[in-house]
Structure formats: structure tokens, C-alpha cells
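**Q** Here's a structure for you.
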Amino acid sequence: MFEVSEMDFNEYMAFVRKCKEEPVKELNESDFDDIEKTVGAELPVDFKSFYLKSNGEVESEYYSFSPIKYGFSIEKHIYVYAEQGISFGKKLPFATDIHGHTYLLSLENDSYGQVLFLQHEYEDEQDYDFVANSFTDFLNEFVSKEKTFLI
């Protein structure tokens with residue numbers, strides 16, 4: 001796939017820039033298959049609908065959404081974290097805010113569909129905070145109002 005384990009910071013940033021230069025393309029239903037296999041769960045309907053329309057390309061001053069495929073995709077994010085020894089289990093890192101914090105979609109049975117927050121300073125500890133009951137609620141309460149979880 002892609003090798004990042006032996007990269008220093010500058011090499012990592014070059015990897016990210018190269019991935020971001022890859023054009024982001026539209027998705028179809030079958031494009032979700034790989035990411036669902038990776039996390040071992042089906043994605044919520046509202047999440048898939050959003051990504052079918054945009055594949056993460058959203059104009060926002062406060063948020064950067066990762067595409068499902070192409071560019072610096074969610075799958076590549078998961079891989080980079082795994083190379084650092086960080087596993088999210090059935091949580092999908094789909095966006096970051098202007099402060100570099102990560103937003104994850106829970107696919108766990110007890111919190112399925114909820115959006116969680118992880119401060120980048122505590123990624124190793126994986127101390128998640130609850131943000132919203134659903135992806136739609138997250139879009140309505142945070143993204144559309146251009147406010148982040150901490151501010």
C-alpha cells in the first residue's frame with residue numbers, strides 16, 4: 001500500500017502533500033466497500049449520502065474533511081495512525097478542525113453513528129469526547145455554524 005513507518009516529519013509532510021495533490025473524484029456506492037471492510041462495519045446512511053455528494057470536499061474555514069477515496073483519504077489517515085501505533089478500532093477519522101483535532105464517526109455497537117472528538121495532544125490515550133448523536137447533527141450544530149467542539 002503506502003510506506004510511512006520510517007519517515008521523519010519532513011518526509012511525512014511530503015507524503016501528505018503528494019496525496020493531497022491527487023485529484024478527488026466523485027464516489028459511487030461500491031467505493032464504500034473498502035473502508036467498510038477496513039473498519040469492519042457498515043457506514044451510516046447520512047454519512048454515505050454526504051460523501052456521495054461531495055467526497056469530503058466542503059468549503060469550510062473551520063473543518064477539513066478527508067475523502068473516502070483519492071487524495072489524503074480516510075484510509076490513508078488510518079494507515080498513518082496505525083504506523084504510529086494508534087488504532088481507532090471501529091471509529092472512522094473523517095475530519096480535522098483548524099486546531100488539528102480529529103473528529104471520528106463511531107461504528108461501535110453502543111455508540112453507532114455518533115461523532116466523537118479527539119484532541120491531537122491526547123491521541124495516544126484515545127480519550128474521546130462526545131460531540132453529536134449523528135453525522136447530520138454534527139453538520140447542523142457545528143459545521144454549518146462554523147464552530148468547533150472546543151470553541
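Where a number appears in this text, it was derived from the coordinates with a stated rule and is not lab data. Quick caveat: nothing in here was measured; it's all calculated off a predicted structure.
**Q** With the cut-off at 1.5 for a/c, could you classify the range 9-143 from its C-alpha gyration tensor as rounded, prolate or oblate?
**A** rounded
**Q** Also, quick follow-up: Which lysines does Lys25 reach when only Cα atoms under 27 Å apart count, and residues fewer than 8 places away in its own chain are ignored?
**A** By straight Cα distance, Lys25 reaches Lys37, Lys48, Lys53, Lys69, Lys76, Lys90, Lys91, Lys145.
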